[in-house]
Amino acid sequence: MKRLGTIIMILPEGTPGRIVRLNLPAWGRRTLILVTVLGLVWCGVTTQAFLRQKEVLDRCAALENEARVLRLVSEERDVKIHRMTEELSRLREQSRFIKGFLGLDSKGSLKGSLGQGGEAVSLKDPAHAWNPSPCRLSVEGNPMDPAPPEALQAADLETLARDFDAIIETLKRRQKELDRTPSISPVDPKKSWISSSYGPRVSPFTGKRQFHLGVDLAAWKGTPIMATADGKVSYVGKMGPLGLVVKIRHNSIFTTLYGHLLKAEVKRGQRVERGQVIGLMGNSGRSTGYHVHYAVVKRGRYADPTPYLMDRMNGRFFLADSTHSQTRIR
């Protein structure tokens, strides 16, 4: 039996027109069906690939945004960690400084009385007190030296916490003793500098080397001079090359002296508190400029006042060398 073809008639819509008749043989029909099926499959695969590619691109964009946010968060975290590291280092340095001042060892137990020792000089004879013969000094490590650089670890936090707990407990037990222990600068650190430090130096008058028994803090004329601890004024008056002097006895251990004053604001026998103004900066006695000579005497022996200038810690002040040139320590 002969197979019939397929006739496709295209009729115009609306007004009568020419009718288009297509006569497809059998093989043409099969070809048309195959092409149609393949076209539909191709459209489906293409559409699916497009949608999948769009999904991938959207996912990549989302991941890029997420990565950008994570980078910002990471950078902010790194900044916070850096600041925290610096703060922990600062706290550890302060803890070491205060522990040294209090005489605490690494376990928080007391290993000695407050402060460090110095040169042996009698307080009874002012002439001998200010012209001592050379002697051997007992100098311990300065607690103001910066702590060695170490990697901060989690154990540092525990150690730091224990250190401050020990410091707080010690401060509570020794509050009265600490009130009578020199611990501040006699002059506002922001308005003064150390023009001559404790120890050997070249005399500005003789040009010869001599041992300086205190620190000289320079500032403007009339700058207030403050008591560095609670105590009782034991002497007010002239004392040789030191000019007008105020001497304060704080307890059986510490006595402080303030020389070259312009004016004394206290009287002998008067009780004073830490931070109270006791005089004004001057240039009395033998002096090359306006300053106060500040000396700390511990158990009858002159000590380096530097460890007792706690508000000048971390090196934020001026020091002068033997030529009296000023250099900022950072």
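The values are calculated or read from the model by the stated rules, or taken from the named source; none is laboratory data. Fair warning: this is a prediction, and the values are worked out from it, not measured in the lab. For neighbour counting, all protein chains shown are included, and Cβ atoms are generated from backbone atoms with ideal geometry for every residue, glycine included.
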Would you confirm, using the coordinates I've provided, whether Gly5 is at positive phi and either modelled with pLDDT under 65 or exposed (fewer than 10 other Cβ atoms within 10 Å of the Cβ) (or both)? no
Quick one: what pairs do we get from region 195-223, first residue closer than 17 Å to Gly289 by Cβ, second hydrophobic (A, V, I, L, M, F, W, C) and assigned to a loop (DSSP other than H, G, I, E, B), C-beta under 7 Å, 6+ apart or different chains? Leu217/Val187; Ala219/Val187; Thr223/Val187
Are any of the residues in region 277-288 within 32 Å of the chain's Cα centre (by Cα) and not aliphatic (A, V, I, L, M)? no
Requiring at least 3 residues that are at pLDDT below 50, closer than 29 Å to Ala229 by Cα and not basic (Lys, Arg), the helices (runs of 4 or more DSSP H) wholly within region 65-181 are 126-129
Only one of Lys267, Lys247 is over 32 Å from the mean Cα position of the chain (by Cα), outside any strand (DSSP E or B), farther than 19 Å from Gln175 by Cβ and not hydroxyl-bearing (Ser, Thr, Tyr); which? Lys267
Just need a number here: residues in region 272-290 that are more than 13 Å from Leu244 (Cβ to Cβ) and in contact with an Asp or Glu (Cβ under 8 Å, 6 or more places away or on another chain). 4
Scanning for something in contact with a Gly (Cβ under 6 Å, 6 or more places away or on another chain) and either of a type in the set (S, T, N, Q) or surrounded by 21 or more Cβ atoms within 10 Å (Cβ to Cβ) (or both), does region 228-245 turn up at least one residue? yes
With respect to Thr256, determine if the residue is of a type in the set (Val, Ile, Thr), assigned to a strand (DSSP E or B), touching a Ser or Thr at 6+ places or on another chain (Cβ under 9 Å) and buried (at least 20 other Cβ atoms within 10 Å of the Cβ). yes
Complete set of residues in region 194-219 that are assigned to a strand (DSSP E or B) and modelled with pLDDT under 90: Ile194, Ser195, Ser196, Gly199, Pro200, Arg201, Val202, Arg209, Gln210, Phe211, His212
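Modelled with pLDDT under 90 and of a type in the set (Ser, Thr, Tyr) - does that describe any residue in region 288-299? Don't jump to the end; show me each part of the working.
Keep residues of region 288-299 that are modelled with pLDDT under 90, which gives 288-289.
If we keep only those that are of a type in the set (Ser, Thr, Tyr) as well, we get 288.
Looking through region 288-299, at least one residue is modelled with pLDDT under 90 and of a type in the set (Ser, Thr, Tyr).
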